[in-house]
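Okay, so here's the structure we're looking at.
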Amino acid sequence: MTKVLLQGGTLVDATGIRSGLDVLIDNSEIVEIAPNISPPRGARLIDCDGCMISPGLVDLHTHLREPGNEEAETIESGTRAAVAGGYTAVVCMPNTEPPIDNATAVRDILAMSKDALCAVIPAGTITVGREGERLSPMVEMNACGVRLFTDDGRGVQSASVMRRALEYASALGATIAQHCEMEDLAANTVMNEGYLSSVMGVQGAPNCAEELMLERDLELAALCGARIHFMHLSTHGSVELVRRAKLAGMQVTAEVTPHHISLTDDMLSEYNPIYKVNPPLRTRKDITALIRALSDGTIDAIATDHAPHVRESKELPLDQAPPGMIGLETALAVAITVLKDNSGEVGTGRKDASENGRSGNNRSGRTYSTKSNSVKSEYGNSGSAGGGRANNSYSEHLTIDPSVLQYSMNMVDIIAAMSWKPAAIAGLDVASGGRHGGPIVPGAPANLTVFDPSADWRVDAPRLLSKSGNSPFDGLSLTGKVRHTIYEGEPVYLDGRATK
Amino acid sequence: MAERERRLATPRGGVFVPRSQVMSADDVDRALVRIAHEIIEHNKGSDNLALIGLQTGGVQIALKLRDVISEIGDAEIPVGTLDVAFYRDDIQLRPVLPEAVTTIPFDLTNMAVVLVDDVLFTGRTVRAALQALSDFGRARSIQLAVLVDRGHRELPIRPDYVGKNLPTRLTEQVDANLEGVTIGDVIKGRP
Amino acid sequence: MSLLQNALVSIGDLDNDDIGHIMKLSAIFSEVLRRDIPKVPTLRGKTMAMVFSEDSTRTRTSFEIAAKKLSMDILSLNSSQSSMKKGESLKDTLANLHAIGADGFVIRHSSSGVPTQASTWMTVPVINAGDGCHEHPTQALLDCYTLIERFDTPSNHTTDNAILNCFNGMTVTIVGDVEHSRVARSLVIMLDMLGAKTTLCGPRTLMPRHVDKWPVRVSYHLDEVLPETQVCYILRLQNERGSGTYLPSIREYAMNWGIDSKRASLLPETAVIMHPGPINRGVELAGEIADSSRSLILNQASNGVAVRMAVIYLLLANPGDITEV
């Protein structure tokens, strides 16, 4: 393997921000960090001017769909999307067909992803077949490297099963990750329960469908003295429960998705199933609470819940379409656009254009906007008279409500939520013997992400590397673009192209 | 609403700009008296005679003809109105007038019906009217009276009674009512 | 003026001018329907696709007759027995019908939002004939026409839209299963636009959860609101949508929210009874009240055709789109 020299970037890791340093990589390890390293003979030079270099991002929540639904995504296409989004490790969810509920299934995934562009770490199910009844063989899966167990897509409904799962996993040092949803209250729902669902005449899921289970599981985790991780929090009430548990000293962690901190239920006003997701997009109040929780550390990680679906399945009636949206390739940009604090500039400068996007009129933006023209434009009306209007909406920039600016974050905290904190939750960090999220120092594994934090770009779903195009950010422009991804010393994503 | 209807009603989407008057109110009056006489003569009296004015320009003229005929013939003859919008073959091009009502308060059977319109041009309105009338019943005969025949027929339709034959260019517009007949142009653009 | 463009999926697509326009046009089509040959050749050669994923005798028949009276051809798809049930993309199904030659779509679907989705996919007009628990805009329009027939005094039509004056301050009480009612959702929007005062009345479990943000008054006690009700609009108790599980028993519902002779006597003398049909006689409405002289239920049914002709005509004939002759 040739040497790789990253020239002229700004380093951002758990130790802070350092500018004007080159990074020399040799054979999957960082060997030297210094200003103006003279290029060794034959080294591959990568220009990082104006970019930031961070530890590779880690996604706690990716649906790779293989085996079972390869039409929507495969390990190959999903990891290509992952490196395009700056990820060097993804935890893939076990709700495949068949589900990852035994050691053989884990070994199959590991074998299939041996040559993938980034690390693929399977999560195992909590219960056999995700049926919520009998515990999966966690010990044998744990022996294959599984650190996270979840029935994601469903929550474990039975309190007694959940109690046993927490007890069993805690003895292994593994973490139970819960998808909080009381099916009793949330069955057949298609969106957030609110004014909009009431006038649209569709079943809505109330916030408490999530909060009741979260509250129950906190009690159970306290009872068992077990660690617990909560997936994709969506309500302000959930945030409060987690905050209180952390104050009480519990071993609890939580994640939030990029879409839950950027989009409201208004997006569903035209019944477009692209915006159907579970838990559903909520309200401004919830978004504000989630962003605040990220900034104060109540929520540890941003996880994508990358959930690919074939085009046809999102062209069904809203109540028949499956929930889920893709997110690997837009996560960092959404996080920067929504969370990045612009008041005290750190690292590289930002372009004026993106500044305007941030502070621009909130009404024209989509974060909290109501009806959106671009929803219509998605289906190729551009050939008709409406084309002009549709094109205009394509230049819309994702913006945020000024009221959450007080909770904006610096780049170190944003990357923390996307790299070393999720790495620690998944047991992939250096301290746990893993190779992800650690500080950028000589001798460290060369898993790195290079991104331009101020580049504006427009999401064009058909051009994303995921096999599916169900991105809720399609047509929007975002700030922050991944330029290169280095996995184990190899540039697997370079200048907008995956190298395999 | 009024504004919208006016806009919907302008079949060519423009403004009528008058150029010259070709008949005065007196001229129109004389022409209608002559037509009334011709109608009575042709139908050998006013028995079983009915007038139907085509919406909207033909209605006033039909009412005037009714007055003249009842004076001459000393008999009341029934008048109806007909809107042919739903029967036009150029429906996409010509809007319906929502308040142009169709009222035919008499049985057409065995009646001699005189359709009355202001201007006869392509003949398409009259064609539509003939089709519409057949949905109301079987008249003994249908005749056609117009204040102005401006030519440019696109269908084999010929008036039985004409106030004035007025040669025009295709692009010109004719405005004909009881106050007179004016020839002019339509300037493009919404009023 | 969205109606004249592409779709009628919600009453909210219209403004008061549009509604006034449709009412006048409906009156004209009522006259057409009284002719010896009640049919006009207006839309000859055009084809209306009727996509019904739910059983519906009266709405389907009413739309079919309306289209036929305008000389349209009908392309019928009963999607409950078609590919739509087999998981084919709804968009593909509609695109195929369009390719076969549909010039417009009338869509009834058990899922809320399907006509809205269809209108974003299709370039031809889409008319919502009732979608899930969302809306039923032509029902609201025919109710509007029926109320105008009863309460309008044509002599004082001095201003634009005067035809809608009778709604100003009219007290309408909508009784029953609002939660599952698309008719109620369309009516509430329309009555608010027209200046009527709407009260919703029924058991709390059958009221939408965020009804406090709707432009209505909510009461759980029918007997208190009836004396000040001019129009008592009774909704069907939709057992097929599981509203039975929202109630202890049908009997309890009938006792508390059903309209029988005794309750009807609480209404002012001039008040009228309406119901979108089909009626569960003896549950939400006693048979003798449904058949009484204050009931406008049959007028509602018969006005449907003219109103739907007006809507189809406005969408398909494009009279607003004036181009070069």
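The values are calculated or read from the model by the stated rules, or taken from the named source; none is laboratory data. Because the structure is a prediction, the values reported are computed rather than measured. Reconstructed Cβ throughout: ideal geometry from the backbone, glycine too, with neighbour counts over all protein chains shown.
Total residues in the range C:1-16 satisfying the condition of being at pLDDT 90 or above, surrounded by fewer than 22 Cβ atoms within 10 Å (Cβ to Cβ) and part of a helix (DSSP H, G or I): the figure is 3. Restricted to the range A:286-313, and to residues there that are within 14 Å of another protein chain (Cβ to nearest Cβ) and modelled with pLDDT of 95 or more, the residue that is surrounded by the fewest Cβ atoms within 10 Å (Cβ to Cβ) is A:Val310.
Answer yes or no as to whether A:Thr96 is assigned to a loop (DSSP other than H, G, I, E, B) and at pLDDT 95 or above. If you could, list the steps in order and put the result at the bottom.
Values: assigned to a loop (DSSP other than H, G, I, E, B): yes; at pLDDT 95 or above: yes.
Here the answer is yes, as A:Thr96 does meet what is asked.
A:Leu318 meets all of the listed conditions (1) closer than 26 Å to C:Ser89 by Cα; (2) under 18 Å from the mean Cα position of the chain (by Cα) but one, namely (2).
For the range A:412-431, filtered to residues that are without any contact (Cβ under 8 Å) to a residue 40 or more places away in the chain and small (Gly, Ala, Ser), the residue that is surrounded by the fewest Cβ atoms within 10 Å (Cβ to Cβ) is A:Ala431. For the range A:46-62, the criterion of being more than 21 Å from A:Asp429 (Cα to Cα) and assigned to a strand (DSSP E or B) is satisfied by at least one residue. Just one of the numbered conditions (1) within 12 Å of chain A (Cβ to nearest Cβ); (2) touching a residue at least 12 places away in the same chain (Cβ under 8 Å) is not true of C:Glu88: (2).
The residue pairs whose first member lies in the range A:1-23 and is of a type in the set (Lys, Arg), whose second member is in a loop (DSSP other than H, G, I, E, B), and whose beta carbons are closer than 9 Å, counting only pairs six or more residues apart or on different chains, are A:Lys3/A:Asn27; A:Lys3/A:Pro39; A:Lys3/A:Pro40; A:Lys3/A:Arg41; A:Lys3/A:Gly42; A:Lys3/A:Ala43; A:Lys3/A:Gly489; A:Arg18/A:Ile440. Those residues that are within 14 Å of chain B (Cβ to nearest Cβ) and either under 21 Å from the mean Cα position of the chain (by Cα) or in contact (Cβ under 8 Å) with a residue 40 or more places away in the chain (or both), I need them from the range C:32-66; list them, please. Correct list: C:Val32, C:Leu33, C:Thr42, C:Leu43, C:Lys46, C:Ala66. Filtered by the rule that a residue be within 26 Å of the chain's Cα centre (by Cα), more than 14 Å from chain C (Cβ to nearest Cβ) and surrounded by fewer than 23 Cβ atoms within 10 Å (Cβ to Cβ), the range A:191-220 gives A:Glu211, A:Leu212, A:Glu215, A:Arg216, A:Leu218.
Residues of the range B:158-181 being part of a loop (DSSP other than H, G, I, E, B) and surrounded by 16 or more Cβ atoms within 10 Å (Cβ to Cβ), which ones?
Taking the range B:158-181 and keeping what is part of a loop (DSSP other than H, G, I, E, B), we get B:158-160, B:166-171, B:178-179.
Of everything in the range B:158-181, those that are part of a loop (DSSP other than H, G, I, E, B) and surrounded by 16 or more Cβ atoms within 10 Å (Cβ to Cβ) turn out to be B:Pro159, B:Asp160, B:Leu166, B:Thr168.
Restrict the check to the range C:22-41 and report whether at least one residue is within 16 Å of C:Pro137 (Cβ to Cβ), in a helix (DSSP H, G or I) and in contact with an Asp or Glu (Cβ under 8 Å, 6 or more places away or on another chain). If you could, list the steps in order and put the result at the bottom.
Filtering the range C:22-41 down to residues within 16 Å of C:Pro137 (Cβ to Cβ) leaves C:22-23, C:25-26.
In the following step, the residues that additionally are in a helix (DSSP H, G or I) were identified as C:22-23, C:25-26.
Of the ones still in play, those that are also in contact with an Asp or Glu (Cβ under 8 Å, 6 or more places away or on another chain) are none.
No: zero hits.
Here is a yes/no grid of residues against (1) part of a strand (DSSP E or B); (2) farther than 28 Å from C:Tyr253 by Cα; (3) within 14 Å of another protein chain (Cβ to nearest Cβ):
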residue: C:Ser119; (1), (2), (3): no, yes, yes
residue: C:Thr123; (1), (2), (3): no, yes, yes
residue: C:Gly130; (1), (2), (3): yes, no, yes
residue: C:Arg150; (1), (2), (3): no, yes, no
residue: C:Val172; (1), (2), (3): yes, no, no
residue: C:Val183; (1), (2), (3): no, no, yes
residue: C:Ser186; (1), (2), (3): no, no, yes
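On the given criteria, is C:Asp143 out of contact with any Lys or Arg (no Cβ under 6 Å at 6 or more places or on another chain), more than 10 Å from chain A (Cβ to nearest Cβ), of a type in the set (Asp, Glu) and part of a loop (DSSP other than H, G, I, E, B)? Let's see the steps before the verdict.
On the way: out of contact with any Lys or Arg (no Cβ under 6 Å at 6 or more places or on another chain): yes; more than 10 Å from chain A (Cβ to nearest Cβ): yes; of a type in the set (Asp, Glu): yes; part of a loop (DSSP other than H, G, I, E, B): no.
For C:Asp143, the condition - out of contact with any Lys or Arg (no Cβ under 6 Å at 6 or more places or on another chain), more than 10 Å from chain A (Cβ to nearest Cβ), of a type in the set (Asp, Glu) and part of a loop (DSSP other than H, G, I, E, B) - is not met.
All but one of (1) modelled with pLDDT under 95; (2) touching a strand residue (DSSP E or B) at 6+ places or on another chain (Cβ under 8 Å); (3) not in a helix (DSSP H, G or I) hold for A:Ala254, so report the exception by its number. The single condition A:Ala254 does not satisfy is (1).
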